[in-house]
Every structure is written in C-alpha cells, then in structure tokens.
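Colleague: Once you've had a glance at the structure underneath, I'll fire off some questions.
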Amino acid sequence: MRQEIDWPTYIFCMEQLLEVPLDDERRKELAVQLTRMAGMAAPLMAFELPQRQEVAGVYKL
C-alpha cells in the first residue's frame, strides 16, 4: 500500500525543526523536487528483495 506524502506539511515541519526559513517560491519548488524524487524512488522501493537466510557472516572469538 503506497501512502502519499503531504509535501507542503512536511516542508513546513522541516523548516521549523531545522530553523531554515523559506519563502513561498522556494517551498513550492522544493515540493516539486521532492515529488519528482519520490516518483523516481517508487519503483525501487516496490522491488521485492528475496529473503535470505543469512545476510552476513557471524564472527565469534
């Protein structure tokens, strides 16, 4: 199930958290770029990886 992200709210929260004030034009362009990146990442995130019994060796002394 894919969940849509409310980019304007996310940007507002990050702006407050990071104390980085942005003007409306920058917020709008940032939302466009984040939407594009999320779109590019979606097929990669949807790709199922095979289950592995052991992902790495276990070393013991």
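The values are calculated or read from the model by the stated rules, or taken from the named source; none is laboratory data. Small disclaimer: the values here were computed from a predicted structure and weren't measured. Cβ: placed from backbone, ideal geometry, glycine included. Neighbour counts: every protein chain shown. Note: areas computed on protein heavy atoms with side chains; ligands, DNA, RNA excluded. Shrake-Rupley method; radii C 1.70, N 1.55, O 1.52, S 1.80 Å.
Colleague: What about GLU4, is it within 15 Å of the chain's Cα centre (by Cα), open to solvent by 90 Å² or more (accessible area, probe 1.4 Å) and of a type in the set (D, E, K, R)?
Modeller: Here the answer is yes, as GLU4 does meet what is asked.
Colleague: Which residues, taken from the stretch 26-61, are within 26 Å of GLN3 (Cα to Cα), exposed (fewer than 10 other Cβ atoms within 10 Å of the Cβ) and either touching a Cys at 6+ places or on another chain (Cβ under 6 Å) or acidic (Asp, Glu) (or both)?
Modeller: The one that is within 26 Å of GLN3 (Cα to Cα), exposed (fewer than 10 other Cβ atoms within 10 Å of the Cβ) and either touching a Cys at 6+ places or on another chain (Cβ under 6 Å) or acidic (Asp, Glu) (or both): GLU48.
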